[in-house]
Structure formats: structure tokens, C-alpha cells
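I have placed the structure first, in the form of C-alpha cells, so that the comments after it can refer back to it.
Read-outs throughout are calculated quantities, based only on the coordinates presented, and are distinct from any laboratory measurement. Treat the numbers as computed from the prediction; the structure is a model and nothing was measured. Quick reminder, even Gly has a Cβ in these numbers, built from the backbone with ideal geometry, and neighbours come from all protein chains shown.
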């Protein structure tokens, strides 16, 4: 497995992942709202992050999703 942030074969996809990660990290810093990103591609690369921090490889996607859903349920909704 290779981190898509650094190894995606498409420069356009790689650039989009970087822009998305930057935007979500900025959003987290300015709003204190958390986010979970899991991107997987059949070329063998993936990007997994929780509020901008890499998710350790020993944590499964299912565990990350479950933890995120628990955290989400504890935070009030934000409507804009």
C-alpha cells in the first residue's frame, strides 16, 4: 500500500487529494470540526486521515469509521 498523497500515478488525482486534505485541515483548525477521509484506488494507493493526521495502519477502515461516527454523534450539528 502506498499513500496516495505522495504516490498516486495521476498528477491530477494527487493534486486533488492534496487540495482536499489542505482544505479539510484548514476547516478543522478554524471550526474545530473533525473529518475523516478514506480514499482507495485499485492501483494500490490509498489516503486515510482523521482531521489531517494519518490513520495508523493497524487501525482498520471499519474501526476508523466507527470511531468517527461515535465522535460525530457527540458533536452538535452545524448548518450554514
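Quickly run through the stretch 1-50 and pick out the residues that are touching a residue at least 40 places away in the same chain (Cβ under 8 Å) and more than 21 Å from residue 63 (Cα to Cα).
Result: 5, 31.
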Notebook entry, point to check: What helices (runs of 4 or more DSSP H) completely inside the chain contain at least 2 residues that are loosely packed, with under 11 Cβ neighbours inside 10 Å?
Noted result: 11-31, 61-74
